[in-house]
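Values in this text are rule-based calculations from the coordinates and carry no lab data. The structure presented is a predicted model; accordingly, all values stated were derived computationally and were not measured. Heads up, the Cβs are rebuilt from the backbone with ideal geometry, glycines too, and the neighbour counts pull from every protein chain shown.
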């Protein structure tokens, strides 16, 4: 169990590390004060040998930014100073996105987030909620034999969600489901029997898996979202088409979490009502 250092120890560590970072960057007290936006006396007090003062969060963040080290390192929360470029490299990664999500990366992200809530805005219907027939219609023209891998990956993720004790929230635009039901746009040419089977499958999953699986439907004329997945507090991933842009820094993960929660608040149909809307669509077929 970690012991919490008292304020004087924390302040001494901050003072030593602030001084070290200033030395390594040849930054004077006056220059640091100017860049941070405080009086020089504030920096002098932080560096005073007998000081037990800790700055507020904004000053810590600005010092870290100017000196290109992590705020956690300045505060003694980590032993890795990490320069600015290293921080960016660690917090942002570009990962190739295969057409059918058959790579192991997506599943590894799910496994990493076991026990945490996963939030997901899919590019089309969520793969793990599609029928086998729907996946074959969608992927056979592009992948051929590899379609079976896509089906297996989708089953794996659905099975994982059912057994991992992780809440799974999915937010979708209403027009996506309407286009699907009408076989328009992306779904042009989708046979009626596949649409009926897929809607029945969605309804069954929405009913049987609730509340572990919660589906929200939003009006894209009022709110908008790019495809994004948020894996608990650990990781947020934006889907670009050929690549995933994955963020691990807490600020961006929190921002994308708040974005998803905004979609949920603004949803035209909440988790309790989504299945009823799916039944209405089903009745039109």
Can you tell me the alpha carbon radius of gyration of the range 7-82 divided by the globular rule-of-thumb value 2.2 N^0.38 Å? 0.96
Please arrange 51, 28 by counting, for each residue, the other beta carbons lying within 10 Å of its beta carbon, fewest first. 28, 51
Going by how many other Cβ atoms sit within 10 Å of their own, how do 73, 262 line up, fewest first? 262, 73
Dividing the helical contributions, -39500 (n - 2.57) per DSSP H run of n ≥ 4, by the residues of the chain yields a 222 nm value, nearest 500 deg cm²/dmol, of -16000 deg cm²/dmol
From largest to smallest, what semi-axes in whole angstrom does the range 206-285 give when each is the square root of 5 times an eigenvalue of its alpha carbon gyration tensor? 27, 14, 13
Can you tell me which of 190, 256, 46 moves the most in a GNM of the chain? Springs connect C-alpha atoms under 10 Å apart. 46
Which one is right for this structure if volume of the Cα convex hull per residue in Å³ is calculated from it: (1) 161; (2) 128; (3) 187? (1)
In degrees from 0 to 90, rounded to the nearest 10, what is the angle of the helix 147-163 Cα long axis to the longest principal axis of the chain? 70
Using all C-alpha to C-alpha distances in the range 149-285, build P(r) with 5 Å bins and read off the rounded percent in each one. 2, 9, 16, 19, 23, 19, 9, 3, 1, 0
